[in-house]
Amino acid sequence: MSDPQSAPRTLTTNPFDADGDTLHEECGVFGVVGVTDAANFVALGLHALQHRGQEAGGIVSHSSDVGFSSVRRFGYVRDNFTRASLMETLPGPLAIGHVRYSTAGSKAAAIRDVQPFFGEFSMGGAAIAHNGNITNANALRRELIERGSIFQSSSDSECIIHLMARSLQRDIPSRMEDALRRVEGAFSIVAMTRTKLIGVRDPLGVRPLVLGKVGDSGWALSSETCGLDIIGATYVREIEPGEMVVITENGGIESSHPFRKASSRFCIFEHVYFSRPDSIIGNRSVYETRRQIGVELAREAPVDADLVCAVPDSGTPAAIGFAHESGIPFGMGIIRNQYMGRTFIEPTEQIRNMGVRLKLNVNRALIEGKRVILVDDSVVRGTTSRKIKEMVLDAGAAEVHFRIASPPTSWPCFYGVDTPQREKLLAATMSEEEMTRHLGVDSLKFVSLDGLYRAVGQAEGRNSKCPQYCDACFSGEYPVKPSDMIEQGFEMKAAE
């Protein structure tokens with residue numbers, strides 16, 4: 001199995017990231033079987049999923065002539081997996097890939113932390129790409145090391161490979177079932193053997209995974225439907241919570257539900273922020289859901305103003321919905337510089353201190369003298385919100401009102417989202433009134449949790465006895481006990 005690793009790591013500077021003031025999805029996964037040069041399709045799929053992880057990416061393929069081949073690289077898909085000379089090292093009709101933003105494992109990642117991970121078993125090799133987070137990984141790792149396992153990475157996902165190696169089952173899908181029954185937390189997995197593509201979701205279905213048809217005989221698995229769109233695949237359906245699908249090179253599909261049935265708890269923040277607006281979740285347009293969040297915001301928190309502006313890009317659909325419902329004109333008051341990341345690879349301290357101005361600029365001619373409503377997707381630490389407010393006031397705005405298209409983020413996520421420690425979340429330490437003063441704005445309002453549920457299609461709002469989604473980052477109600485974090489001293493919300 002080859003693994004070229006010579007490319008240097010490419011660092012880009014995002015002013016939001018510098019402040020730790022944005023939430024990151026852990027990763028995206030993609031797989032294709034039954035097509036010529038499957039790795040090329042995977043590279044395109046990973047490019048469409050780049051928003052889910054910009055730190056690194058990897059592809060594993062298999063051909064009958066060469067066997068398994070692997071390439072892992074730091075940086076963007078476009079900078080690594082677009083060269084013909086590299087893609088020629090990944091032959092075959094079967095391939096899987098992964099784009100990474102680390103939540104578990106080292107933040108200063110080594111190439112060994114980049115997925116997919118590969119294992120050679122008695123019945124042949126297998127590669128695995130994981131989206132999510134294993135909440136009992138520390139306990140599993142200790143147990144496995146004590147029994148002789150030698151770990152190559154700091155990633156929680158590697159536990160799955162070692163658990164598969166210790167299974168006594170006679171084929172790889174069965175070994176994967178065996179391994180995943182030991183795992184707690186969230187997982188959407190795309191895996192491959194020499195002849196099969198495998199997709200599986202945890203029983204709660206926290207993270208997304210969809211199935212698509214490629215041409216007459218090919219199949220694809222993707223974290224989002226936008227990954228299917230880019231390769232011209234037809235969306236078939238979502239992989240169900242707790243489901244495993246095994247797809248052969250000749251197009252046969254076997255579906256099973258090997259885990260104990262549980263009520264679905266899909267991550268509601270996928271609707272708010274993580275998924276691309278052109279993706280489909282639960283047969284519902286992500287764009288339309290975000291626009292509807294803006295409608296709910298306008299109903300719940302109206303304000304007398306002259307202009308509605310989005311904080312680009314994630315706040316745009318909600319701002320459009322707010323403007324439509326309120327009757328207040330929508331305008332592009334803040335313009336995003338699309339090329340900042342490519343221009344300033346190693347910025348000076350003076351450039352870094354410009355912060356958010358590298359990425360966003362205010363449309364002064366539109367803003368000046370106006371009472372402005374700024375619509376954003378979330379408030380994490382609040383540092384970016386303060387800088388944007390200052391920019392808008394510097395441009396001559398008469399008033400600044402923030403409307404946030406999610407409830408206050410006051411609890412960390414342990415299921416595949418990189419969230420600051422609780423004490424660093426603004427909403428965990430301040431009331432809405434205190435946050436308003438801290439940010440220095442004329443008003444600040446968040447959509448309610450019930451309003452968010454209505455926007456995603458739950459007309460009656462949130463079922464408090466059995467929530468329809470995982471909303472732990474807002475409610476503090478964790479559907480899976482975060483064992484590792486509790487062991488490290490994390491205190492869960494007291495039962496009401």
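The values are calculated or read from the model by the stated rules, or taken from the named source; none is laboratory data. Note that the structure is a prediction, hence the values are computed from the model and not measured. Neighbour counts run over all protein chains shown; Cβ positions are idealised from the backbone, glycine included. Accessible surface is based on the protein model in full, side chains and every heavy atom, while ligands, DNA and RNA are left aside. Shrake-Rupley method; radii C 1.70, N 1.55, O 1.52, S 1.80 Å.
If you go through region 77-87 one residue at a time, how many are surrounded by 22 or more Cβ atoms within 10 Å (Cβ to Cβ) and outside any helix (DSSP H, G or I)?
Residues meeting the conditions: 1.
Would you confirm whether any residue within region 70-86 is closer than 17 Å to D113 by Cβ, in contact with a Cys (Cβ under 9 Å, 6 or more places away or on another chain) and in contact (Cβ under 8 Å) with a residue 60 or more places away in the chain?
No, region 70-86 contains no residue that is closer than 17 Å to D113 by Cβ, in contact with a Cys (Cβ under 9 Å, 6 or more places away or on another chain) and in contact (Cβ under 8 Å) with a residue 60 or more places away in the chain.
Could we say that E240 is open to solvent by less than 60 Å² (accessible area, probe 1.4 Å), under 26 Å from G45 (Cα atoms), in contact (Cβ under 8 Å) with a residue 24 or more places away in the chain and of a type in the set (D, E, K, R) here?
When the stated conditions are applied, E240 does not pass them.
For region 473-492, which positions are at pLDDT below 95, open to solvent by 60 Å² or more (accessible area, probe 1.4 Å) and under 22 Å from the mean Cα position of the chain (by Cα)?
Of everything in region 473-492, those that are at pLDDT below 95, open to solvent by 60 Å² or more (accessible area, probe 1.4 Å) and under 22 Å from the mean Cα position of the chain (by Cα) turn out to be K481, M485.
Select from region 356-381 the residues that are assigned to a helix (DSSP H, G or I), in contact with a Lys or Arg (Cβ under 9 Å, 6 or more places away or on another chain) and basic (K, R) and list them in ascending order.
R357
Residues of region 281-310 being free of Cβ contacts under 8 Å to residues at least 60 places away in the same chain and closer than 20 Å to E240 by Cβ, which ones?
Residues satisfying the conditions are N283, V286.
Select from region 286-339 the residues that are buried (at least 22 other Cβ atoms within 10 Å of the Cβ) and charged (D, E, K, R) and list them in ascending order.
Scanning region 286-339 gives R290, R291, E296.
(1) under 26 Å from Y469 (Cα atoms); (2) part of a loop (DSSP other than H, G, I, E, B): which one isn't true of E177, the others all being true?
(2)
Taking only region 382-416 into account, find how many residues are touching a Phe, Trp or Tyr at 6+ places or on another chain (Cβ under 7 Å) and assigned to a strand (DSSP E or B).
Final tally of qualifying residues: 2.
Looking at region 447-472, which of its residues are open to solvent by 20 Å² or more (accessible area, probe 1.4 Å), of a type outside the set (D, E) and not in a loop (DSSP other than H, G, I, E, B)?
L449, R454, Y469
Is at least one residue of region 306-317 more than 28 Å from S410 (Cα to Cα) and not β-branched (V, I, T)?
Yes, there is a match, as at least one residue in region 306-317 is more than 28 Å from S410 (Cα to Cα) and not β-branched (V, I, T).
Could you say which residue among E158, E146 is surrounded by fewer than 23 Cβ atoms within 10 Å (Cβ to Cβ) and of a type in the set (D, E, K, R)?
Checking each option against the conditions leaves just E146.
Report the residue count in region 446-459 for those that are touching a helix residue (DSSP H, G or I) at 6+ places or on another chain (Cβ under 8 Å) and either modelled with pLDDT under 95 or more than 13 Å from S385 (Cβ to Cβ) (or both).
9
Condition first: hydroxyl-bearing (S, T, Y) and either assigned to a strand (DSSP E or B) or within 17 Å of E88 (Cβ to Cβ) (or both). Now tell me which residues in region 54-76 satisfy that.
If the condition is that a residue be hydroxyl-bearing (S, T, Y) and either assigned to a strand (DSSP E or B) or within 17 Å of E88 (Cβ to Cβ) (or both), then S61, S63, S64, S69, S70 are the ones that fit.
Looking only at region 151-170, count every residue that is free of Cβ contacts under 8 Å to residues at least 24 places away in the same chain and of a type in the set (A, V, I, L, M, F, W, C) and tell me the total.
The total comes to 3.
State all residues of region 215-237 that are assigned to a strand (DSSP E or B), touching a Gly at 6+ places or on another chain (Cβ under 7 Å) and open to solvent by 10 Å² or more (accessible area, probe 1.4 Å); if no residue qualifies, say none.
W219, T234, Y235, V236
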